[in-house]
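Right, one structure below, let's go through it.
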Number of protein chains: 2
Amino acid sequence: MNTRNIIIVSDGTGITAENFAHSLLAQFDINIKDHRVPFIDSVDKAHIAVQKIKDIAANSTNRPIVFTTLVNSEINAVVHACDAGYFIDLFTIFVSPLEAELGMNSNHTSNRLHHNADSVAYRNRIEAINFSLMHDDGQTNKNLDEADVILVGVSRCGKTPTSLYLAMQHGIKAANCPLIPEDFERNRLPSSLDGFRHKLFGLSIEPQRLSEIRNERRAGSKYAALENCRYEVNEAEKLMKRHGISWASSTHKSIEEIATTILQEINIPDKEHVI
Amino acid sequence: MNTRNIIIVSDGTGITAENFAHSLLAQFDINIKDHRVPFIDSVDKAHIAVQKIKDIAANSTNRPIVFTTLVNSEINAVVHACDAGYFIDLFTIFVSPLEAELGMNSNHTSNRLHHNADSVAYRNRIEAINFSLMHDDGQTNKNLDEADVILVGVSRCGKTPTSLYLAMQHGIKAANCPLIPEDFERNRLPSSLDGFRHKLFGLSIEPQRLSEIRNERRAGSKYAALENCRYEVNEAEKLMKRHGISWASSTHKSIEEIATTILQEINIPDKEHVI
């Protein structure tokens with residue numbers, strides 16, 4: 001398959017632009033090689049960026065595709081004057097229509113987004129990450145009433161990465177608590193969850209996939225055996241069904257997809273949103 | 001300040017589009033209220049999305065701004081036929097130029113991106129998250145040779161969220177290890193880091209900010225006292241300088257910015273990148 005060099009030139013980290021470029025290019029049958037050229041926030045740095053584009057182009061069969069998100073028009077002009085790549089300006093194209101619709105001029109200020117470390121929203125995200133870490137795997141019940149959501153499910157079904165993603169991307173305080181054989185024998189939810197039924201969301205997984213994942217950790221154990229995985233998943237789903245807990249399967253769903261599903265299902269109060 | 005309703009209509013999670021829309025709108029002095037309408041992957045769901053747009057519009061002073069990333073042209077047409085919002089198509093506008101440049105047609109396949117839970121890249125990300133969690137705060141030295149980077153710095157300077165972000169966004173195995181008073185007294189790096197000098201990256205922080213953060217955890221303690229924070233930060237920076245370890249300050253930098261700086265400084269082998 002064709003491999004193309006992709007260059008992201010940004011006045012910030014370029015992470016948002018990179019993710020966006022990936023989703024555009026996912027529509028084509030090509031392999032890509034990524035190059036990110038971040039923090040281009042002065043004319044001097046713009047000239048350095050141009051040199052990088054030329055260096056990459058010199059080592060490519062096809063010209064590289066350069067995605068830019070440069071708010072300052074002078075810096076943008078320097079980069080776009082380079083003829084060593086195929087340029088796609090992800091920003092400018094949308095700014096004029098938005099100015100017309102909003103009835104105001106844009107600030108042309110670089111990098112004023114959720115990456116601002118001094119904003120309330122940013123500090124809330126960091127607090128959510130700390131909360132989710134502290135409440136990973138039912139480690140503590142302290143302040144569980146502060147949780148926006150509590151994920152439940154069998155060991156290794158994906159609760160931890162999903163909780164951390166919810167915290168990191170959405171600033172949501174996501175605790176998680178395993179459902180273990182003792183709960184199935186007692187045929188009830190862990191007592192630490194009493195009073196929090198409205199915050200619970202379940203994760204499940206196909207037994208076959210669970211067994212594979214557990215075998216990576218503890219090969220040949222009873223814990224990882226397919227039969228035991230079948231038993232645990234079945235019991236966990238019965239328990240969730242009985243308590244009216246919605247759940248999603250992580251077998252073929254990414255943490256982004258599970259998180260989005262959770263946000264649709266659970267009623268999470270609006271977070272302060274200052275961009 | 002003006003508040004505008006923003007609606008993201010996507011055939012996938014809409015997370016990439018939402019981040020992108022935020023960075024565009026960050027150029028304007030407005031408050032926004034977000035609405036995400038994900039998983040619109042059929043004509044039926046497109047009609048449901050249209051109804052949601054109408055409902056939001058009915059409760060707005062100004063018409064909502066609707067950002068769409070719908071790859072399927074039939075679904076896209078249904079949504080864009082709605083006249084209750086101001087529509088910005090984030091996708092179609094770039095597809096034709098890319099088709100011309102790449103000399104091929106796009107797949108028009110929705111949602112084929114890094115969120116694909118069955119891809120190698122996705123499993124590497126999850127493995128990196130597990131690695132980073134297991135190697136948080138110097139918990140274990142096991143398999144430390146597998147780390148792509150090891151962050152060092154005083155307690156509460158931001159190592160944990162940065163490590164998790166590196167893993168989650170970039171699939172990088174990021175361990176972290178605290179520098180503690182005992183290290184300063186011995187005047188050397190923790191012995192567990194012997195042999196890994198080339199993987200080390202430092203984080204530092206202004207003592208004033210560190211003291212604030214520590215006081216949230218342990219108010220009035222010696223650990224949180226400004227004088228002690230000054231001592232620790234100063235000793236840690238001396239130690240890093242002496243060992244030629246690059247470092248960044250987390251005082252005004254977000255985890256995205258720190259992660260980007262680390263990727264520029266540290267030589268991390270290319271990750272398999274299949275989109």
Exercise for the section: Quick one: B:His243 ticks every box in (1) in contact (Cβ under 8 Å) with a residue 40 or more places away in the chain; (2) in contact with a Lys or Arg (Cβ under 7 Å, 6 or more places away or on another chain); (3) within 13 Å of B:Ser155 (Cβ to Cβ) except a single one, so which number is it? Expected result: (3)
Handout entry: Selection status of A:Lys173, closer than 30 Å to B:His22 by Cα, assigned by TED's automatic domain parsing to the domain that holds A:Lys142 and modelled with pLDDT of 95 or more
Key = yes
Exercise for the section: Examine the range B:119-141 for a residue that is among the aliphatic types (A, V, I, L, M), in a loop (DSSP other than H, G, I, E, B) and crowded, with 18+ Cβ neighbours inside 10 Å, and state whether such a residue exists. Expected result: no
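Residue-wise test of (1) small (Gly, Ala, Ser); (2) farther than 14 Å from B:Val154 by Cα; (3) out of contact with any Asp or Glu (no Cβ under 8 Å at 6 or more places or on another chain).
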{"residue": "B:Leu193", "(1), (2), (3)": "no, yes, yes"}
{"residue": "B:His198", "(1), (2), (3)": "no, yes, yes"}
{"residue": "B:Ser204", "(1), (2), (3)": "yes, no, no"}
{"residue": "B:Arg214", "(1), (2), (3)": "no, no, yes"}
{"residue": "B:Arg218", "(1), (2), (3)": "no, yes, yes"}
{"residue": "B:Ser221", "(1), (2), (3)": "yes, yes, yes"}
Exercise for the section: Considering only the range A:168-186, state which residues are outside any helix (DSSP H, G or I) and farther than 19 Å from B:Thr160 by Cβ. Expected result: A:Cys177, A:Pro178, A:Leu179, A:Ile180
Practice task
Confirm whether B:Ile88 is touching a strand residue (DSSP E or B) at 6+ places or on another chain (Cβ under 6 Å) and either away from chain A (no Cβ under 11 Å) or over 21 Å from B:Glu256 (Cβ atoms) (or both).
Solution key: yes
Fill in the blank from the handout: Scanning the range B:142-167 residue by residue, the ones that are in contact with a Phe, Trp or Tyr (Cβ under 9 Å, 6 or more places away or on another chain), small (Gly, Ala, Ser) and assigned to a loop (DSSP other than H, G, I, E, B) total 2
Exercise for the section: Please identify the pairs in which a residue from the range A:90-103 that is within 14 Å of B:Phe67 (Cβ to Cβ) has its Cβ atom under 7 Å from the Cβ atom of a residue that is of a type in the set (Val, Ile, Thr) and in a helix (DSSP H, G or I), counting only partners at least 6 apart or on another chain. Expected result: A:Ile93/B:Ile93
Practice task
Please verify whether the range B:245-252 includes one or more residues that are out of contact with any strand residue (DSSP E or B) (no Cβ under 9 Å at 6 or more places or on another chain) and modelled with pLDDT under 95.
Solution key: yes
Exercise for the section: Only residues that are hydroxyl-bearing (Ser, Thr, Tyr) and part of a helix (DSSP H, G or I): list them for the range B:84-97, please. Expected result: B:Thr92, B:Ser96
Handout entry: All positions within the range B:140-181 that are touching a Pro at 6+ places or on another chain (Cβ under 9 Å) and of a type in the set (Asp, Glu)
Key = B:Asp148
Exercise for the section: Kindly indicate whether B:Asn107 is more than 7 Å from every other protein chain (Cβ to nearest Cβ) and either closer than 20 Å to A:Glu18 by Cβ or at pLDDT below 95 (or both). Expected result: no
Fill in the blank from the handout: Per the filter on the range B:38-54, residues out of contact with any Ser or Thr (no Cβ under 7 Å at 6 or more places or on another chain) and farther than 24 Å from A:Ala100 by Cα are B:Phe39, B:Ser42, B:Val43, B:Asp44, B:Lys45, B:Ala46, B:His47, B:Ile48, B:Ala49, B:Gln51, B:Lys52
Fill in the blank from the handout: Result of the Cβ filter at 6 Å on the range B:52-69, keeping first residues that are in the same structural domain as B:Gly85 (by TED's automatic domain parsing) and partners that are of a type in the set (D, E, K, R) and in a loop (DSSP other than H, G, I, E, B), at least 6 apart or interchain, is B:Ala57/B:Arg63
Exercise for the section: Answer with yes or no whether A:Ala46 is outside the structural domain of A:Glu256 (by TED's automatic domain parsing), out of contact with any helix residue (DSSP H, G or I) (no Cβ under 8 Å at 6 or more places or on another chain) and buried (at least 18 other Cβ atoms within 10 Å of the Cβ). Expected result: no
Practice task
Inspect all residues belonging to the range B:195-204 and state whether any of them is modelled with pLDDT under 95 and in contact with a Gly (Cβ under 9 Å, 6 or more places away or on another chain).
Solution key: yes
Problem - Pick from the range B:222-260, criterion within 8 Å of chain A (Cβ to nearest Cβ) and within 13 Å of A:Phe39 (Cβ to Cβ), ranking: nearest to the chain's Cα centre (by Cα) - result: B:Glu256
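Here's the yes/no breakdown for (1) of a type in the set (A, V, I, L, M, F, W, C); (2) within 30 Å of B:Asn31 (Cα to Cα); (3) within 17 Å of the chain's Cα centre (by Cα):
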position: A:Val120; (1), (2), (3): yes, yes, no
position: A:Leu133; (1), (2), (3): yes, no, yes
position: A:Thr140; (1), (2), (3): no, no, no
position: A:Ser155; (1), (2), (3): no, no, no
position: A:Thr162; (1), (2), (3): no, yes, yes
position: A:Arg188; (1), (2), (3): no, no, no
position: A:Leu193; (1), (2), (3): yes, no, no
position: A:Leu203; (1), (2), (3): yes, no, no
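The values are calculated or read from the model by the stated rules, or taken from the named source; none is laboratory data. The structure presented is a predicted model; accordingly, all values stated were derived computationally and were not measured. Ideal geometry is used to build each Cβ from the backbone, glycine not excepted, and the neighbour counts take in all protein chains shown.
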